[in-house]
Amino acid sequence: MRSLAAVVSRRDAEETRRTLSVQGLLREDLEVGHEGDQVLFPIVGPPATPLRRGTVEEREFLARPDEGARSYRDLVQVPPEFREELPRAFDVVGDIVLIRLPETLRPHALAVGSALLEFVPGARLVGLDLGVHGGARIRGLERIAGSGPWSTEHRENGLTLHVDLERAYFSPRLAREHALVAEEVRAGERVLDFACGVGPFAAHIVRDARAREVVAVDSNPAAIALARRNLARAGPDGRGRAILDAIETFAPSAGLCERAILNLPHGGVKYLPSVGATVAHGGSLHYYELTDRAHLEPRQEELVNGLESVVPGPWTVADRHVVHPYSPTEDLLGYRFERA
């Protein structure tokens, strides 16, 4: 059967699958295809934003055999009038499944949780994701099925990370970003990871063993405790450190680095100049922010001007890409600024 397809390399397949799933674009009636080193995802229509890597083309697909449930939505027992409101996307962190539900589906949360527990292999606990709140970026959670603690071990890009969703920030949707930033680190760099959460960026960099030093900083004691465990597990040679401190008190005495990371999408812009001041000439700053799609170009210029008003440059945008859609009007964007 012929269908529109998202065509990407195997390396980018998981990131693309997540993005298409969040947008509700994956066709459930057709098998995912393969052509050499490329993966073909059948989709119902063009993505809301261009694919970061890959193309949208037409391809032939095989129909998916009608064997059992193809989606958790096939298992949910809800009144027919609510079926179209069932989310197509959910997150898996270790053996924990997280899902967001519209208010109209909250009375049916138990049915949704039970279906996910049955559908996702190895799932132990299903939680209602109420969003990240506060300076410590703690995720609001409501248990809707399963049992056990909110702590788990999550596997991504060959690393095992200790995560506690109830006490420290972590997002499985950034797996590809963690790997991409680590890949850009050059031999001998000093790296500062601000608002590090449980330390996935730093752990990937330590694991790759090219940086001479990696310092991860967060103001949440629970996050730092987990980050220390993750850094020790990623590279036992001691080149990674996790420090309990706030950005505003750590940055002025942090010293210079060749690469800084600031993943604080809600309100992190206020720290951008002070983090930028830690980047040596010739260095890079990776910054993540929620950006309105209608405001992309003006926002990029605003960010550069904000940096240059405090930190001598010149600064340039070496890369800007959509990490994943966040809302009907906003995307999470990743920027890489370079200081000349």
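The values are calculated or read from the model by the stated rules, or taken from the named source; none is laboratory data. Everything quoted here is computed from the prediction, not taken from an experiment. Virtual Cβ from ideal backbone geometry, glycine too; neighbours counted across all protein chains shown.
Observations
- Flag: Gln77 does not match the condition of being within 29 Å of Pro102 (Cα to Cα) and either among the aromatic types (Phe, Trp, Tyr) or not assigned by TED's automatic domain parsing to the domain that holds Ala115 (or both).
- Exactly one residue out of Val97, Val56 is in a strand (DSSP E or B), among the β-branched types (Val, Ile, Thr) and touching a helix residue (DSSP H, G or I) at 6+ places or on another chain (Cβ under 8 Å): that is Val97.
- Among the residues of segment 157-181, just one is among the acidic types (Asp, Glu), surrounded by fewer than 22 Cβ atoms within 10 Å (Cβ to Cβ) and not in a loop (DSSP other than H, G, I, E, B), namely Asp164.
- Total residues in segment 53-85, condition out of contact with any Lys or Arg (no Cβ under 9 Å at 6 or more places or on another chain), surrounded by 11 or more Cβ atoms within 10 Å (Cβ to Cβ) and at negative phi: 10
- In segment 182-214, the residues that are surrounded by 24 or more Cβ atoms within 10 Å (Cβ to Cβ), among the aliphatic types (A, V, I, L, M) and not in a loop (DSSP other than H, G, I, E, B): Val191, Leu192, Ala202, Ala203, Ile205, Val206, Val214
- Once segment 1-31 is narrowed to residues that are more than 15 Å from the chain's Cα centre (by Cα) and of a type in the set (Asp, Glu), the residue that is modelled with the highest pLDDT is Glu31.
- All told, Pro102 meets the bar of being under 21 Å from His324 (Cα atoms), surrounded by fewer than 12 Cβ atoms within 10 Å (Cβ to Cβ) and either touching a His at 6+ places or on another chain (Cβ under 8 Å) or in contact (Cβ under 8 Å) with a residue 12 or more places away in the chain (or both).
- Filter result for Val56 (of a type outside the set (S, T, N, Q) and under 23 Å from Asp164 (Cβ atoms)): no
- Qualifying residue in segment 104-124 (condition: at pLDDT 90 or above, in contact with a Ser or Thr (Cβ under 6 Å, 6 or more places away or on another chain) and either of a type outside the set (D, E, K, R) or over 30 Å from Asp164 (Cα atoms) (or both)): no
- Selection status of Arg320, surrounded by fewer than 19 Cβ atoms within 10 Å (Cβ to Cβ), in contact with an Asp or Glu (Cβ under 8 Å, 6 or more places away or on another chain), free of Cβ contacts under 8 Å to residues at least 40 places away in the same chain and not small (Gly, Ala, Ser): no
- Residues that are buried (at least 16 other Cβ atoms within 10 Å of the Cβ) and farther than 17 Å from Arg212 by Cα, drawn from segment 246-256: Ile247, Phe250, Ala251
- Selection status of Asp37, charged (D, E, K, R) and within 20 Å of Arg173 (Cα to Cα): no
- Out of Gly276, Gly283, Gly306, sole residue that is surrounded by 13 or more Cβ atoms within 10 Å (Cβ to Cβ) and out of contact with any Lys or Arg (no Cβ under 9 Å at 6 or more places or on another chain): Gly306
- Residues within segment 298-340 that are in a strand (DSSP E or B) and either among the hydrophobic types (A, V, I, L, M, F, W, C) or at pLDDT 90 or above (or both), tallied: 19
- Test: Glu14 is closer than 26 Å to Glu177 by Cβ and either assigned to a helix (DSSP H, G or I) or of a type in the set (Asp, Glu) (or both): yes
- Looking only at segment 132-148, and only at residues there that are assigned to a strand (DSSP E or B) and free of Cβ contacts under 8 Å to residues at least 12 places away in the same chain, the one that is farthest from His266 (Cα to Cα): Gly140
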